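> What follows is a single structure, and I will ask about it in a moment.
Derivation of every value follows stated rules applied to the coordinates shown; laboratory data play no part. Quick caveat: nothing in here was measured; it's all calculated off a predicted structure. Please note: Cβ atoms are built from the backbone with ideal geometry, for glycine as well, and neighbour counts cover all protein chains shown.
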Amino acid sequence: MTIELSQLTKKFAALTAVDAIDLDVGEGEVLCLLGPSGCGKTTTLRMIAGLEWATSGDITLGGRRVNDLSARERNVAMSFQFYALYPSLTVAENLAYPLHAEGLSSSQIKAKVAETSRVLQLDPILERRPGQLAEGEKQRVAVGRSIIRDPNCFLFDEPLSRLDVQLREEMRGEIKEVLQGLHRPTVIVTHDQLEALTMADRISVMRDGRIEQVASPHEIFQQPANLFVAGFIGTPAMNLIPATLTGMDGETNATFALEGGQTIAITVDPAVARLKHGATVTLGIRPRNLDIVHEDVSDGLSSVIDIIEPMGAETLAHLNDGRHDLRVVTDWRTPLEEGDRVHVRFQPGAVHVFGSDQQAVRSA
Ligand code: ATP
């Protein structure tokens, strides 16, 4: 079973909420739709579920075009939360609940409950009520209730948003494990990047109804395709510095001039050599890929520590030289004083270069 979206579009009067997106979700794959509020995540999910008609494009489930089928005929499981269990029913009764509407016999229901319980290892708790369960167990029961009808795919809209921070952390890993074992495609909508980075096999980053990049969490973080993804993924956010390419020495040693007159010589992707001298670019460097040093260095910048924010094991320093704001994360032991002039070195190989079209300049 797979989900395929092809040129899928949704218009609400003059507003294009989802703009010709193409997306595949494989069997057993967990795909997260991630993006800022209003970018079209929920609308995409509702179109797959059959709760919203597509304006154009195709939705295919397991090779069958389902655009014209009702939500019920599509047999998808859509849930807004991972657990909303009936507190007065036992685990077994909670699992059986969705089956009553299907007109199954009691022996068929019993067999399905037993099978779901086996898959999710719920046998020891079948007779308990939700109030007697640990949070992780509740979660598994809720997943059980979604899968017991044997749906074609799972769709979740901000499933963890109502949980407290600690619980959310526990759930993320567990959910991924359970969903991967089900051999169905899963789409999860979230605006929380940590949630997406930990739960997804692949992340689709959306903006203004379009997909900016689809890739594994690792790739989205390490190789953002464009400036939007670079700035959106990662906390603290990537430093983005406007610069001009002023020289190349060999294939990968580039020199850039920054506003205000500083220059920096750094190792870059060989594709940067194809840019014209004088090209306007944006340099991207993550706060953890900058080191504060005390000597002046050619592969770094000089600036002044503006604000120091302790973050436990690490310290976030905001540097400002009057033109550029830089965020640097250091070990908490690094001695820093607000007002000190320091130098920051760019760790080799950690710089991203974005062209004037906002796309990453990178060899394939
Ligand atoms: P959020 O995280 O805030 O839910 P989202 O990425 O899920 O955002 P959508 O809910 O899909 O975004 O909305 C996409 C755009 O479509 C928004 O501009 C929204 O206002 C608009 N929209 C959504 N549903 C409707 C509707 N029924 N009628 C008109 N406009 C709508």
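> Convert 25 °C to kelvin, take the viscosity as 0.890 mPa s, use the Kirkwood radius over C-alpha pairs of the range 239-354 as Rh, and evaluate the Stokes-Einstein diffusion coefficient in µm²/s, rounded to a whole number.
Diffusion coefficient, whole number: 169 µm²/s.
> Report the trypsin sites (Lys or Arg not before Pro) located in the range 240-288 that are in a DSSP loop and have at most 11 other Cβ atoms inside 10 Å of their Cβ, or state none.
Counting only loop positions with at most 11 other Cβ atoms within 10 Å, the trypsin sites (Lys or Arg not before Pro) in the range 240-288 are 276.
> Moving on to the next point. When all alpha-carbon pairs of the range 216-258 are counted, what percent fall beyond 12 Å?
When all Cα pairs of the range 216-258 are counted, 67 percent exceed 12 Å.
> Among 78, 199, what is the fewest-to-most ranking by other Cβ atoms within 10 Å?
So the ranking, lowest neighbour count to highest, is 78, 199.
> Between 214, 18, 293, find the one with the highest GNM mean-square fluctuation for the chain; connect C-alpha pairs within less than 10 Å.
Looking only at 214, 18, 293, the biggest GNM fluctuation is shown by 293.
> So which residue, out of 347, 222, 108, gets the largest mean-square fluctuation from a GNM of the chain using Cα contacts under 10 Å as springs?
108
> Of all the stretches in the chain, which is the longest one without any exposed loop site, taking chymotrypsin sites (Phe, Trp or Tyr not before Pro) in a DSSP loop (any state but H, G, I, E, B) with at most 12 other Cβ atoms within 10 Å?
54-331
> Shifting gears a bit: Which residue, 273, 303, 320, has the largest displacement toward the positive end of the dipole of the range 239-354 when charges sit on each Cβ (Lys, Arg +1; Asp, Glu -1)?
Sorting the options by dipole projection puts first 273.
> Give, as ranges by residue number, the residues of the range 200-225 whose backbone N falls under 18 Å from the point 7 Å along Cα→Cβ of residue 334.
It comes to no residues whatsoever.
> Now for a separate question. With a 10 Å cut-off between alpha carbons and a GNM built on the chain, which of 37, 106, 216 moves the most?
Of 37, 106, 216, the most mobile in the Gaussian network model is 106.
> Where does the chain land on the Kirkwood hydrodynamic radius, alpha-carbon pairs, in angstrom?
23.2
> Continuing with this model, one more query. Within the set of other residues whose C-beta is less than 10 Å from the C-beta of residue 287, count the net charge using Lys and Arg as +1 and Asp and Glu as -1.
+2
> With a cap of 13 neighbouring Cβ atoms within 10 Å, and only residues DSSP puts in a loop, list the GluC sites (Glu not before Pro) found in the range 14-120.
Passing both the DSSP loop test and the Cβ count: 27, 102.
> Residue farthest toward the positive end of the dipole of the range 3-232, with Cβ of Lys/Arg at +1 and Asp/Glu at -1: which of 79, 57, 209?
The Cα lying farthest towards the positive end belongs to 79.
> What's the tally of Lys pairs in the chain whose alpha-carbon atoms lie under 29 angstrom apart, where the two lysines are 8 or more places apart or on different chains?
Counting lysine pairs in the chain gives 9.
> Would you mind working out the magnitude of the charge dipole of the chain relative to its Cα centre, with +1 at each Lys and Arg C-beta and -1 at each Asp and Glu C-beta, to the nearest 20 Debye?
In debye, rounded to 20, the chain gives about 1320.
> Can I ask one more? Counting only helical runs of four or more DSSP H residues, what would the 222 nm mean residue ellipticity of the chain come to if each run contributes -39,500 (n - 2.57) and the total is spread over all its residues?
Dividing the helical sum by the residues of the chain leaves -7000 deg cm²/dmol.
> What is the magnitude of the charge dipole of the range 239-354 about its Cα centre, with +1 placed on the Cβ of each Lys and Arg, -1 on the Cβ of each Asp and Glu, and no other charges, expressed in debye to the nearest 20?
Approximately 420 debye in magnitude.
> Shifting gears a bit: Find which of 199, 222, 48 sits farthest along the positive direction of the dipole of the chain, computed with +1 on the beta-carbon of Lys and Arg, -1 on that of Asp and Glu, about the Cα centre.
48
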